[in-house]
Each structure stands twice: as structure tokens, then as C-alpha cells.
Amino acid sequence: MVATKHSFILCMLLALFLSSPRMILGARHLMQTQPSAPQLPSLPPLPKATLPPLPSLPSFPKPTTLPPLPNMPQPTQPKLSLPPLPSTQIPPQLPNTLPPLATAAPKLTLPPMPTIPTALSPPPSN
């Protein structure tokens, strides 16, 4: 209890010292002054490079007609002979009726369900 009382008093004294008029005036002065931008050094002008003149393109003779293309004989392609396809015997018409289904298994009969009595009978007495 005493430790919290002393720490509270210490916090109050610290707040009192930090809120002194000189501290407030100094903070207000810092907020009102505009920071001045630093002067940047000026760059010296760069020298201009002088390039030699470009050489002129040589003039080539312009052909008026194209030379003829060489006449090449075309190769002959071999003839392909395929063997005849085997013939399959397809019936002229498919049957319209389906074969009979297999006979079903004999039906099993279940025994009758036992009935639940609606009225309770009294327990047997000894």
C-alpha cells in the first residue's frame, strides 16, 4: 500500500516538472518554427560530346529482273496398294425380342410380428 502511494506521488511530481512553463513554451516554439530545407549543391554543367559524322551507306546495284529459278525434276512417288478389307457376315436384321429372364427366387414369408399388449397385466404374486 505504501509503495503504490510513493509511486503515485513520484508520478505526480514528474508530471509537474515536465509541465513547467518553460517546457511548454519551448514545445510551442518548436511547433511554430518551419524547418528550413537544406541547400542542395549545384551540379556543374556536363560537357557536350561531339560525335563524328556517320559514314554514308554504299549504293548497291538494283537488279531489274530476277534470275530464273533452276528447273528441278520432281521425284515420283511410289504407288501404294492396300490389301482388301476382310468381309464380315452381319445378319440382315437384329432380333426384336429379348430372351426370357431367369426365374426369380422363391418368395420367403416372414413370421407374423408379435403384438404388444395394450393393457398391463398385474405381476404374479407369490
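By the Kirkwood approach, averaging reciprocal distances over each pair of separate Cα atoms, the chain gets a hydrodynamic radius of 36.2 Å. Label-to-label distance for residue 125 and residue 94 is 8.3 nm, based on points extended 7 Å past Cα in the beta-carbon direction.
Throughout, read-outs are computed from the coordinates displayed, never taken from laboratory work. The shown structure was predicted, so the numbers you read here are calculated from the model rather than taken from an experiment. As a convention, Cβ positions derive from the backbone with ideal geometry for all residues, glycine included, and neighbour counts pool all protein chains shown.
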